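Any read-out appearing in this document is the output of simple, stated calculations on the displayed coordinates, not a laboratory observation. What you see is a predicted model; the values in this text were computed from it and never measured. All Cβ positions, glycine included, derive from the backbone under ideal geometry; neighbour counts span all protein chains shown.
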Amino acid sequence: MEKHRCGWCKGDALYEAYHDEEWGSPVKDDAVLFEFLVLETFQAGLSWITILRKRENFRKAFDNFDYKKIVAYEEDKIQDLLQDAGIIRNKLKVRATVSNASAFLKIQDEYGSFSNYIWSFVDHTQIKNSVENYKTAPATTPLSDTFSKDLKKRGFKFVGSTVVYAFMQAVGMVNDHEMSCFRFNEV
């Protein structure tokens with residue numbers, strides 16, 4: 001018997017695997033959180049499937065999303081990234097990734113971990129929404145507005161409310177699986 005999935009992922013094996021194994025699962029690991037933050041910032045203005053198809057290229061290009069290495073990127077590395085056809089070669093987003101790594105480290109110093117910081121926005125408990133159809137899920141919420149403003153205040157770039165809400169969905173801060181989806185009660 002086929003599992004019922006959220007409508008947004010149906011018909012593409014990569015999308016379905018991402019949906020089934022990752023999307024909406026609570027993430028507390030800072031390395032994984034930084035990866036999602038980078039990918040979501042690059043996704044701004046593009047489709048998520050475009051980013052998923054380039055995910056392994058991003059991993060190689062950005063030293064497996066090692067923020068301690070990325071923060072030290074110099075101009076020659078940035079120029080190399082801007083020539084890498086395997087990733088999205090947006091100069092502002094590449095540079096934002098480097099500056100976001102610095103802001104990420106500052107939050108770790110202040111909160112003990114980036115995870116402690118982000119999960120404090122939801123009282124360290126996943127918000128479980130009642131989405132009947134993925135098309136009715138919000139793109140932003142007052143909470144993502146607040147979270148976005150705080151990230152920007154701390155020096156992050158490409159973290160508008162829509163990007164932040166997508167990040168919150170991806171890392172399981174909110175559960176926006178359709179209620180009829182088999183993952184709704186799993187995450």
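Couple of notes before you dig in:
- Counting all C-alpha pairs of the chain, share separated by more than 24 Å (%): 37 percent
- Amide H contacts of Glu178 (H built 1.01 Å from N, under 5 Å, at least 5 apart or other chain): Cys6
- Set of aspartates and glutamates with alpha-carbon distance to Lys28 below 15 Å, sequence-local pairs under 8 removed: Asp123
- Dipole moment magnitude, nearest 20 debye, the range 118-187 about Cα centre, only Lys, Arg, Asp, Glu C-beta charged: 400 debye
- Note: relative contact order over the chain, using C-alpha pairs below 8 Å and six or more positions apart, is 33 percent.
- A DSSP coil position with no more than 14 other Cβ atoms inside 10 Å describes the following GluC sites (Glu not before Pro) in the range 24-80: Glu74.
- Separation in nanometres of the label points that stand 7 Å from Cα toward Cβ, at Ala17 and Tyr111: 3.1 nm
- Percent of Cα pairs exceeding the 19 Å cut-off, where the set is the range 112-187: 34 percent
- In order along the range 90-104, the Karplus-derived 3J(HN,Hα) couplings, from 6.51 cos²θ - 1.76 cosθ + 1.60 at θ = phi - 60°, round to 9, 4, 5, 6, 5, 5, 4, 4, 5, 5, 5, 4, 5, 5, 4 Hz, and Gly and Pro are given as x.
- Across Phe121, Phe104, Phe34, mean-square fluctuation computed from a Gaussian network of the chain (C-alpha pairs under 10 Å connected) peaks at Phe121.
- Each residue of the range 37-45 is assigned a 3J(HN,Hα), and the resulting list reads 4, 4, 4, 5, 5, 5, 6, 3, x Hz, derived from the Karplus form 6.51 cos²θ - 1.76 cosθ + 1.60 (θ = phi - 60°), x at Gly and Pro.
- Measuring between alpha carbons in the structure, the pairs from Lys68/Lys149; Lys54/Lys106; Lys10/Lys128; Lys93/Lys152; Lys69/Lys106; Lys54/Lys152 lying more than 19 angstrom apart are Lys68/Lys149; Lys54/Lys106; Lys10/Lys128; Lys54/Lys152.
- Summarising the amide proton neighbourhood of Lys128: residues at separation of 5 or more, or on other chains, whose placed amide H is nearer than 5 Å comprise Asn175.
- Scanning the chain for trypsin sites (Lys or Arg not before Pro) lying in DSSP loops with no more than 13 further Cβ atoms inside 10 Å, the longest uninterrupted stretch between such sites is 90-187.
- Cross-link reach is defined here as a Cα-Cα straight distance under 19 Å, omitting same-chain residues fewer than 8 places apart; for Lys77 the aspartates and glutamates meeting it are Glu35, Glu56, Asp63, Asp66.
- The stretch between Asp63 and Val187, if pulled fully straight at 0.36 nm per residue, gains 41.7 nm over its current Cα-Cα span.
- Difference of contour (0.36 nm per residue) and Cα-Cα distance, Arg154 to Ser25: 43.8 nm
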